[in-house]
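To start, the structure itself, in structure tokens.
The values are calculated or read from the model by the stated rules, or taken from the named source; none is laboratory data. Just so it is clear, the structure is predicted and the values come from calculations on it, not from any experiment. Note: ideal-geometry Cβ built from the backbone for every residue, glycine included; neighbour counts use all protein chains shown.
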Amino acid sequence: MRILTQLRKFCQLPPLGTGDKWQVTRDVSRVTWHVARGLRLLALFALLYALAAPPPILVTLGPQQIVRTTNPKVGVHTRVTDEVEEWKIKKNFEMVREMGATWVVEYFPWEYIEFDENQFDWGHADLVVDHARRQGLRVIARLGFVPRWARPKESVTSFLDEVRYPAFAHFAAEFARHFAGRVEQIVIWNEPNLNFEWGYRGVDPAGYARMLQAVYPRVKQAEPSVQILAGALAPTLAPPGTVDAMNDLDYLQQMYDAGAKDYFDALAIHAYGWTAPADEAPSSKRVNFRRAELLREIMVKNGDADKRAFITEGGWNDHPRWTKAVHPAERITHTLRAYELCKSWAWIDACALWAFRYPFPAQTYLDYFSFVTPEFDPKPIYWEVQKYAAK
């Protein structure tokens, strides 16, 4: 009776009189009619909303494309790692191709793929690789980002204890096996000469060499054709004994001293120009683009003259107030000259500069490294590289 009373109020019916038995029956019928009417209206509103909503975007790989460029070493470091919508992944790589770049470096976080031990989810990684390849691009994969199950609680994602090297080696081998024929180069770790990229521990070239020794044979066993790229060192002038970083030249030599030579196929180089033009002569006391030549000299000195190198990060920044930035016009000039230098360096296979586009604004000076905005608006440097590649 209490429920009926509440329904009468909801349906705006008069109060029920005492002893009015037939009224109860009539009221139940009227309440039922009101409820049915309400449900019909609700269904109508749902239908109208569905018709008004935009249809889902149908994304296909599309026909196979090729990159038209006069410099096949031109590349960029893309960041679609955290891009959710497939159409944005596709558009990102379409614009890379249209700019005239052949190579892309992309980050494939270990935790994203093997969130639980021995449970692999290749869905997003497949989207990235397949869309890049369909646009005619060659993909260099950078691996890192330790999953929770492989590191101590409350440690950072760059912390990997040596006892877990076999787990990382297993992941790298599975990655190589899964992408056989689609990814030909794999970069092992990122800037291990910085302590925050080494788990906020003391920088350890010998420890990194042991990582390579764990990973290399497992990957080669899984897919012999894949090239292992080592290094990816941050260019830094840190003096000996610095807690936060180690000079990249010293680090590379100590990698060789620790026995790394036989456990990588090519060197990954980070070549940032900061405020110097691309042509500035290399010097152990300067961070500039041609510092890459000093790393090459260390390779040659250690008997690795036959090995190749890839620039997997680098370039210039045009933030108006950052102390290591240049003017936008200077950035364009230096970038084009850097691509031309790499074209002339026989030992360099690719020059992938940082960074093509971010999925969302960084809201820092980092936004001024990009070639395209998060909204896919090309910056002047994009158009100038496109013109350069088309000459």
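For segment 114-166, the set of residues classified as in contact with a strand residue (DSSP E or B) (Cβ under 6 Å, 6 or more places away or on another chain), part of a helix (DSSP H, G or I) and not β-branched (Val, Ile, Thr) consists of ALA125, ALA132, listed by residue number. Give the residue that is surrounded by the fewest Cβ atoms within 10 Å (Cβ to Cβ), with candidates limited to residues of segment 105-159 that are under 16 Å from the mean Cα position of the chain (by Cα) and of a type in the set (Gly, Ala, Ser). So, considering only residues that are under 16 Å from the mean Cα position of the chain (by Cα) and of a type in the set (Gly, Ala, Ser), the one surrounded by the fewest Cβ atoms within 10 Å (Cβ to Cβ) is GLY123. Count, please, the residues in segment 360-379 that happen to be crowded, with 16+ Cβ neighbours inside 10 Å and under 21 Å from ILE140 (Cβ atoms). Number satisfying all stated conditions: 4.
Considering each residue of segment 346-356 in turn, none proves to be among the β-branched types (Val, Ile, Thr) and under 26 Å from LYS91 (Cα atoms).
Looking across segment 322-379 at every residue that is under 26 Å from ASP82 (Cα atoms) and among the basic types (Lys, Arg), the one that is farthest from the chain's Cα centre (by Cα) is identified as LYS379.
The number of residues in segment 354-391 that are assigned to a helix (DSSP H, G or I) and of a type in the set (Gly, Ala, Ser) comes to 2. Considering the conditions (1) out of contact with any Phe, Trp or Tyr (no Cβ under 9 Å at 6 or more places or on another chain); (2) more than 25 Å from GLN185 (Cα to Cα); (3) at pLDDT 95 or above, GLN253 is excluded by exactly one of them, (2). Hey, could you check segment 301-346 for residues that are loosely packed, with under 14 Cβ neighbours inside 10 Å and hydroxyl-bearing (Ser, Thr, Tyr) and say which is farthest from ALA268 (Cα to Cα)? It comes out as THR323. The set of residues in segment 180-239 being surrounded by fewer than 18 Cβ atoms within 10 Å (Cβ to Cβ) and part of a strand (DSSP E or B) consists of GLU184 alone. Being in the same structural domain as VAL203 (by TED's automatic domain parsing), touching a residue at least 60 places away in the same chain (Cβ under 8 Å) and of a type outside the set (A, V, I, L, M) narrows it down to one residue among THR312, THR333; which is it? The conditions single out THR312.
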